[in-house]
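Data first, discussion second: the structure below is written as structure tokens.
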Amino acid sequence: MAFTYAISSGDWARITPELALLVAALLVMLVDAVIPARLRGALVLIGLLGVLAALASVVTLYNATGSPGAFGGMVTSDPLALLTTLIILAATGLALLLSPGYIERQGTRQQGEFYALVLLAATGMVLMAAATNLMIVFLGLELLSLPLYVLCAFAPGQQRAQEAGMKYFLLSSFASGFLLYGMALVYGATGATNLGDIRHFVATHALNPATSFGPFLIGGMALLAVGLAFKVSAIPFHAWTPDVYQGAPTPVTALMSVGTKTAAFAALARIFVGALGPVMPQWQGIMIALAVITMLGGNILAATQTNVKRMLAYSSIAHAGYLLIGIAVGTPLGLAALFYYLAAYAVMNLGAFGVVLVLERVAGLGTHLDDYRGLAARRPGLAAVLAVFLFALAGIPGTAGFVAKYTMFYAAVVGGQAELTIIGVIASMIGFYYYLRVIWAMYFVPAPDMPTAEVLAAGTPSVSLAGLNAAVVTKLATTAPPLAVGAVVALALALIGTFALGIIPAPLITLARQAAGLP
């Protein structure tokens, strides 16, 4: 059947957040080509203006009337898409604010390329979250992945960054193959790629291996689960995460840990709870198993780490397990808890990575647990801010993390999955250990003697600086990293968000319930 849909101006209006980010990325590249090198630090302002324009368009779309669907049902601007877009835009804005100070310390000259790639990755994330067709889901996934392949390796001369980029490229491409093959099987079984049409088919046809389409649909669901589990860093599809998060530039790690997860969980919710909801008994057990092993495995592995950046990577895996509870429960209340958790996780995780970025002198140096010993005496403000974010990630009352875990565990109990709540509480207790270990090092362990230039040049537990001259190494050893204005703003916004979502959660809970289809 030929595609005869006529595109209207209303369709373009529904994707204004994506268009704003895309235009900002193009402007960054254009301006970068014509301005003097000394002014390229201002390119981040164009990126931030693009994010603000996209935020304004989201507010406008919340007040828009009429059907949220656009381009013949390929994308939508429904409450689910708008809330996840807000989360992705917040993550993008904070990552951009954190980037200039990092880029200055690393001596990277390609600032325009960096900011443009961040904006293009964010465009793919937003598109994936708004997709209501399997083909657009895959298009958004590739649009977010391709810039991230480059960004992960965006640290000239750093072997660990090059390794991170190659690992992410190879493993992500492999996972994309699983996802695309799963989509092909689902299309072969149902004759549709539109999620609404797929839901109608599975709701009106009995699913069992004896039917002609049954094996194809079951196989397609399994492959879709594998592909998306890779993107959310669920165990056992997590192996890339700690190496990539540790090796990639820290602003990129912060964006990946939040933006990619948000887009992937939006796709998981639409595909499994939405389109495949009528056959939930066939996939619910898989999601429950993924949630359990990811919660427990992520926390246990995080507890063994001595590199704080790598520890936060495993912490990100553990939080993916908590988020999977919302998918495994498969109820509107579970989805509402999922979307609230994503927003809370965004501010507290970006804040934690932001502090790590500020303390990181060069790639890898300043991220070992020993580097945090006595931090409260040397940098009391940063130590206090990091302690707040770590307490929030652990789920201390008064923070966004506590409300997020409470709503998720409550949804599991109401949805008949009380065992997930019990396992989640046990996993959270394990998490307390490694979060508090960093806080203990900052406040109750004296700072070690500053190593000499010769010791640093020979290598530290977190990095080898043999390629740097003695003068540079001595400077790195004896001077504290500068605190850029953008980093101050980003950390302040993340701190406000962490407390605001923990003390006044009602507005966000209302948006999360709307995204889940609840009154």
### Query
Given Ser172, Ser145, which one is without any contact (Cβ under 8 Å) to a residue 60 or more places away in the chain, among the small types (Gly, Ala, Ser) and touching a helix residue (DSSP H, G or I) at 6+ places or on another chain (Cβ under 6 Å)?
Ser145
## Note on the structure
Across (1) under 26 Å from Met280 (Cα atoms); (2) under 24 Å from the mean Cα position of the chain (by Cα), Val186 clears everything bar (2)
### Summary
Those residues of the range 41-61 which are closer than 24 Å to Asn194 by Cα and either among the β-branched types (Val, Ile, Thr) or assigned to a loop (DSSP other than H, G, I, E, B) (or both) amount to Val58
### Task
State all residues of the range 378-437 that are under 20 Å from the mean Cα position of the chain (by Cα), assigned to a loop (DSSP other than H, G, I, E, B) and either of a type in the set (D, E, K, R) or surrounded by fewer than 22 Cβ atoms within 10 Å (Cβ to Cβ) (or both); if no residue qualifies, say none.
none
#### Entry: In the range 8-40, the residues that are of a type in the set (Val, Ile, Thr) and either in a helix (DSSP H, G or I) or without any contact (Cβ under 8 Å) to a residue 40 or more places away in the chain (or both)
Thr16, Val23, Val28, Val31, Val34, Ile35
### Query
Does any residue in the range 501-514 that is touching a residue at least 24 places away in the same chain (Cβ under 8 Å) and surrounded by fewer than 19 Cβ atoms within 10 Å (Cβ to Cβ) come within less than 8 Å, Cβ to Cβ, of a residue that is in a loop (DSSP other than H, G, I, E, B) and not hydrophobic (A, V, I, L, M, F, W, C) six or more places away or on a different chain, and which pairs are these?
Ile503/Gly398
### Query
Can you tell which of Gly72, Gly41 is out of contact with any Gly (no Cβ under 7 Å at 6 or more places or on another chain), at positive phi and either at pLDDT below 85 or not hydrophobic (A, V, I, L, M, F, W, C) (or both)?
Gly72
### Query
Quick one: is Phe353 crowded, with 21+ Cβ neighbours inside 10 Å, part of a helix (DSSP H, G or I) and more than 19 Å from the chain's Cα centre (by Cα)?
no
### Number of the condition not met by Ala64 [criteria: (1) part of a loop (DSSP other than H, G, I, E, B); (2) closer than 19 Å to Phe339 by Cβ; (3) hydrophobic (A, V, I, L, M, F, W, C)]
(2)
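The values are calculated or read from the model by the stated rules, or taken from the named source; none is laboratory data. For clarity, every value in this text was computed on a predicted model and none was experimentally measured. Cβ atoms come from the backbone with ideal geometry, glycine included; neighbour counts cover every protein chain shown.
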